[in-house]
Amino acid sequence: MGTMGMQGPQPLPGISHVIAVGSGKGGVGKTTVAVNLAVALGKLGYRVGLIDADIYGPNVPTMLGVTRQPNITDNSMMEPILSHGVKFISVGLISPGDKPMVMRGPMLHQIIRQFLQQVLWGELDFLIVDLPPGTGDVVISLVQTVPLTGAVVVSTGSSVALQDARKALEMFHQVKVEVIGLVENMSQMVLPDGTVLDVFGAGGTERTAAQFGLEFLGSVDLNPSVREGGDRGMPAALAGPESNLGKPFFEIAHRVVSRAIEISRSESDVLEIS
Ligand SMILES: Nc1ncnc2c1ncn2[C@@H]1O[C@H](COP(=O)(O)OP(=O)(O)OP(=O)(O)O)[C@@H](O)[C@H]1O
């Protein structure tokens, strides 16, 4: 190791799967999906960490209901914050308040590395990374630092969101990150009288997944309780797999787990052959 003077991405000891959650467009509910996926995985008995790398909108602390600063140990390691069974760290905790995060590439790269390597994660089955919307620097820093199992791409069903989601798919392809699958958020809305309202073109994401030969991981309705849960720091997934509110996130979590295992298996097969 290190004989060439160049180190490629190194697996994090004790962490089985690193999964990025991305979107092309902002505001489609990427963070909501990342947080609820993490909570659902935790409830299913997996050990879960969550890195909030969304420099433009680091909302994970609010959505998980804890906004205090992380403790730093004597040897400069950060202790992740524990909330609802999820260990997390956020760029929002480094620059809290309303000040925007203004950063150049190298500093951003440093922060991503720190979040991966200088946080006391312990043993984790899944480390989820909430990316900023769009394509760019954070993903590159991530793939340079650590091998990813894959990425989940969140979109609404609208043509414009999907147009941007396709760019995100292309970006993951370019940086050789496997796409675990697509999630449609804010899919349809069920009104109190039972009427179903199609707000953003429900079904569009599933069709896009099929076009690209990718897995469709599930859809989440547009539901004011999902928004409320996020604002109150009580993610919808806490309602559990049997509730209408929590169920979609558990279905997505189950599919992510099986795909992650599948991807890791096929990668180790390739390693054995070569
Ligand atoms: N399924 C849903 N039903 C109702 N509201 C939702 C749903 N998903 C997300 N929201 C709300 O929409 C807003 C945007 O969601 P969120 O912050 O998760 O999006 P995002 O894609 O991560 O945004 P960005 O990355 O641009 O900051 C939030 O107020 C959130 O509570």
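Nothing in this text is a laboratory measurement; each read-out follows from the coordinates by a stated rule. None of the values given here were measured: they were computed from a predicted structure. Cβ: placed from backbone, ideal geometry, glycine included. Neighbour counts: every protein chain shown.
Structural remarks
- Along each principal axis, taking the top coordinate minus the bottom one, the Cα set of the chain gives 65, 46, 36 Å in descending order.
- Residue-count net charge about Thr149 - beta-carbon cut-off 12 Å; Lys, Arg +1, Asp, Glu -1: -2
- For the pair Glu228 and Glu267, the difference between a 0.36 nm per residue extended length and the Cα-Cα distance amounts to 10.0 nm.
- Per-residue ³J(HN,Hα) for region 187-199, Karplus 6.51 cos²θ - 1.76 cosθ + 1.60, θ = phi - 60°, Hz, x for Gly and Pro: 5, 10, 10, 9, 6, x, 7, x, 5, 9, 10, 9, 8
- Computed over the alpha carbons of region 129-274, Rg followed by Dmax gives 16.6, 59 Å.
- Overall dimensions of region 18-129 as given by Cα atoms, namely Rg and Dmax in Å: 13.3, 40
- Dividing the convex hull volume of the alpha-carbon atoms in region 146-209 by its residue count gives 80 Å³ per residue.
- Net lengthening on full extension, His254/Arg166 (0.36 nm per residue, minus Cα-Cα): 29.3 nm
- Lysine pair count for region 15-273 with Cα-Cα distance under 18 Å and sequence separation of 8 or more or different chains is 6.
- Nearest-ten-degree value, helix 30-43 long axis tilted from longest Cα axis of the chain: 80 degrees
- Mean residue ellipticity (222 nm) of the chain, computed from DSSP H runs ≥ 4 via -39,500 (n - 2.57), nearest 500: -12000 deg cm²/dmol
- Linear extension gain, Met107 paired with Leu44, 0.36 nm per residue minus alpha-carbon span: 19.1 nm
- For the chain, a Gaussian network of Cα nodes joined below 10 Å ranks Leu131, Leu82, Leu50 by mean-square fluctuation, and the top entry is Leu82.
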